[in-house]
Amino acid sequence: MSDTHLPKRARELPAPLLAEIPRADVVLHAGDWVDTATLDLLESRSRGLVAVYGNNDGPGLRARLPEVAYADLGGLRFGVVHETGAAQGRERRCADRYPDLDVLVFGHSHIPWDTTTETGLRLLNPGSPTDRRRQPYCTYMTAEVADGRLADVELHRLPRR
């Protein structure tokens, strides 16, 4: 997930997303939490958390989270970052900046994204579960790592509030 913006964009995380957290082996959050209470909640409910701060996150979150996080998950090298810049040229920029990754999860735009660069880097943006902006739905993503490859990447649409 990314761009939760609590409590500015919503009072709490949507119930369907909250229900998925304990089921996941690892939760990834690509920044713009806004409040530390959401970080505390995810730390307490998830088996594992890989997370970064975003441009809207203040000193409390920046003290607890890195700008870029890395994790080896199921034989794949994941990176998490908030911003990747403009959509135009994103694949090339990310492939150049993160040559050792298999998957990069990012946020900031609130626009779901799923592409693969020429070098094989998979770029995923789960959108936002609380602030759809110009998108038709609030969203989050799930994925499975099996046999050293990314499988079953799914964008989940959340019910309108």
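Bear in mind these aren't lab numbers, they're just calculated from the coordinates by the rules spelled out. Please read all numbers here as calculations on a predicted model, not as lab measurements. Glycine also receives a Cβ, built like all others from the backbone with ideal geometry; neighbour counts cover every protein chain displayed.
Please give the charge dipole size of the chain, origin at the Cα centre, charges +1 on K and R Cβ atoms and -1 on D and E Cβ atoms. Round to the nearest 20 debye. Write down the numbers at each step before the final one.
Values: 21 positive and 23 negative charges, 132 e Å.
Dipole of the chain, to the nearest 20 debye: 640 debye.
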How would you classify the range 22-78 from its alpha-carbon gyration tensor, with a ≥ b ≥ c the square roots of the eigenvalues: rounded for a/c under 1.5, else prolate if a/b is greater than b/c, otherwise oblate?
-> oblate
For the range 81-91, take each phi angle, set θ = phi - 60°, evaluate the Karplus expression 6.51 cos²θ - 1.76 cosθ + 1.60, and give the result in whole Hz per residue in order, putting x for glycine and proline.
-> 8, 7, 10, 10, x, 4, 4, 5, x, 4, 4
Place +1 on the Cβ of every Lys and Arg and -1 on the Cβ of every Asp and Glu in the range 63-117, take the dipole about the Cα centre, and give the residue among Thr116, Ala63, Ala95 whose Cα lies farthest towards its positive end.
-> Ala63
Using only Cα atoms, find the angle between the long axis of helix 36-45 and the longest principal axis of the chain, and express it within 0 to 90 degrees, rounded to the nearest 10.
-> 70 degrees
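From the helices alone, meaning DSSP H stretches of at least four residues, give me the mean residue ellipticity at 222 nm for the chain, per-run term -39500 (n - 2.57), in deg cm²/dmol to the nearest 500.
Numbers: 4 runs with 30 residues, N = 161.
The helix-only estimate for the chain comes to -5000 deg cm²/dmol at 222 nm.
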If unit charges are put on Cβ atoms (+1 for Lys and Arg, -1 for Asp and Glu) and the dipole of the chain is taken about its Cα centre, the option from Val81, Gly54, Leu13 lying farthest towards the positive end turns out to be Leu13
Read through the labelled values [x] 2.56; [y] 1.04; [z] 0.96 and report the label of the one computed as Cα Rg over 2.2 N^0.38 Å from the structure.
-> [z]
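Can you give me the relative contact order of the chain as a percent, contacts being Cα pairs under 8 Å and 6 or more apart?
Values: 364 pairs, mean separation 35.3, N = 161.
It rounds to 22 percent for the chain.
Can you tally the net charge around Arg11? Count Lys and Arg as +1, Asp and Glu as -1, for every other residue whose Cβ sits under 14 Å from the Cβ of Arg11.
Taking every other residue near Arg11 into account, the sum is 0.
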How much net charge surrounds Leu39 when only other residues with a Cβ under 10 Å from its Cβ are counted (Lys, Arg +1; Asp, Glu -1)?
-> -3
Can you list the residues, at least 5 places off or on another chain, whose amide H is less than 5 Å from the amide H of Trp113, using H built in the peptide plane?
-> Asn125, Gly127
